[in-house]
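Structure record follows, encoded as structure tokens.
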Amino acid sequence: TGVRFGEPVAFRVGGARRCLGVWRGGRRTPCPEREAVPVRGTRAQCGECAGIDRARSVAADTVADDPRPYHVYLAWFGDGLVKVGITGVGRGSARLLEQGAVAFTWLGRGPLMAARRAEELLRVALGVPDRIPYERKRSVRAGLPGGEVGADGRGGEQLVRAHAVAVGLADWPESLERLPCRVVDHGEAFGLAAIDRVDAVVSGLAEGAVVAGTVVAAAGPDLHLVEPAGRRLVVDTRVLAGWPLERAAADASGEGLVVREVPAVQGGLF
């Protein structure tokens, strides 16, 4: 968005939602038919473009010959919520920021297939997943007390313990370099201190819909806003993909949004 915490944001949907096409080598190839895509959902691609993307995707496990080095990591999203994953070394911590990881540490570095083997080994040995539904990450994040986050908090403790077990496993791939535990905290970068609750989540848009409010935090794809009337709204920015957006008046109020109300007692979600 280019907007900093504490600043207002307001935009309007100015047309229909269309397929974004295919990404290759950091460049986008437009969809030749500019197909219309559903107004709800996080993937703004038609079936053909999505299939092309997945045909050669590390995330979809359809690439085995990528010569670039990969990191294996442990990420923490809340008490007891740890996952293992891999990301290209050249991407740095971008993948962890995209996922909304509150804290993380590297585990190893090496070839893609060695990283994949380690990921599966750790998933079984540590009893942690390689994927966590985003709805669960969001619900846990909204209820994090300050003492749990950070390298010195509960999140750091859980990562340190998991890292010690992981690097001591006998079946660790030989070509994967073990890396020391250095917990990185994203609490300040995300503005977690300002997320005391979530009242509603935007799950879809429509032509003419308006999003407006003051930005108080941003974690992963989630933009946390406080609307003029005081409602705490989360905009999953993935649902904005494919929509033509235009600036709205600074005093605009949100309208035409498809939202899901969040129960006041967040603990019931998990």
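The values are calculated or read from the model by the stated rules, or taken from the named source; none is laboratory data. Nothing here was measured: the structure is a model prediction, and the numbers come from that model. Backbone-built Cβ (ideal geometry, glycine too); neighbour counts: all protein chains shown. Accessible surface is based on the protein model in full, side chains and every heavy atom, while ligands, DNA and RNA are left aside. Shrake-Rupley method; radii C 1.70, N 1.55, O 1.52, S 1.80 Å.
Data table
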| item | result |
| --- | --- |
| Pick from the range 205-247, criterion of a type in the set (K, R) and touching a Lys or Arg at 6+ places or on another chain (Cβ under 8 Å), ranking: farthest from G14 (Cα to Cα) | R232 |
| Candidate set from the range 77-98 (those that are in contact (Cβ under 8 Å) with a residue 24 or more places away in the chain and in contact with a Phe, Trp or Tyr (Cβ under 8 Å, 6 or more places away or on another chain)); member that is farthest from S139 (Cα to Cα) | G88 |
| Members of the range 4-28 found to be open to solvent by 80 Å² or more (accessible area, probe 1.4 Å), within 18 Å of R54 (Cβ to Cβ) and either out of contact with any Lys or Arg (no Cβ under 9 Å at 6 or more places or on another chain) or touching a residue at least 12 places away in the same chain (Cβ under 8 Å) (or both), listed by number | W23, G25, R27, R28 |
| R260 vs. criteria at pLDDT below 90, surrounded by fewer than 21 Cβ atoms within 10 Å (Cβ to Cβ) and not in a loop (DSSP other than H, G, I, E, B) | yes |
| Boolean, R27 is over 23 Å from A142 (Cα atoms), modelled with pLDDT under 90 and out of contact with any Leu (no Cβ under 6 Å at 6 or more places or on another chain) | yes |
| Some residue of the range 69-78 being surrounded by 23 or more Cβ atoms within 10 Å (Cβ to Cβ), in a loop (DSSP other than H, G, I, E, B) and under 12 Å from the mean Cα position of the chain (by Cα) | no |
| Top-ranked residue of the range 30-49 - restricted to ones that are at pLDDT 90 or above and among the aliphatic types (A, V, I, L, M), ranked as most open to solvent (accessible area, probe 1.4 Å) | A36 |
| Single residue of the range 231-253 satisfying the filter (farther than 20 Å from Q99 by Cα and either open to solvent by less than 30 Å² (accessible area, probe 1.4 Å) or touching a helix residue (DSSP H, G or I) at 6+ places or on another chain (Cβ under 7 Å) (or both)) that is modelled with the lowest pLDDT | A252 |
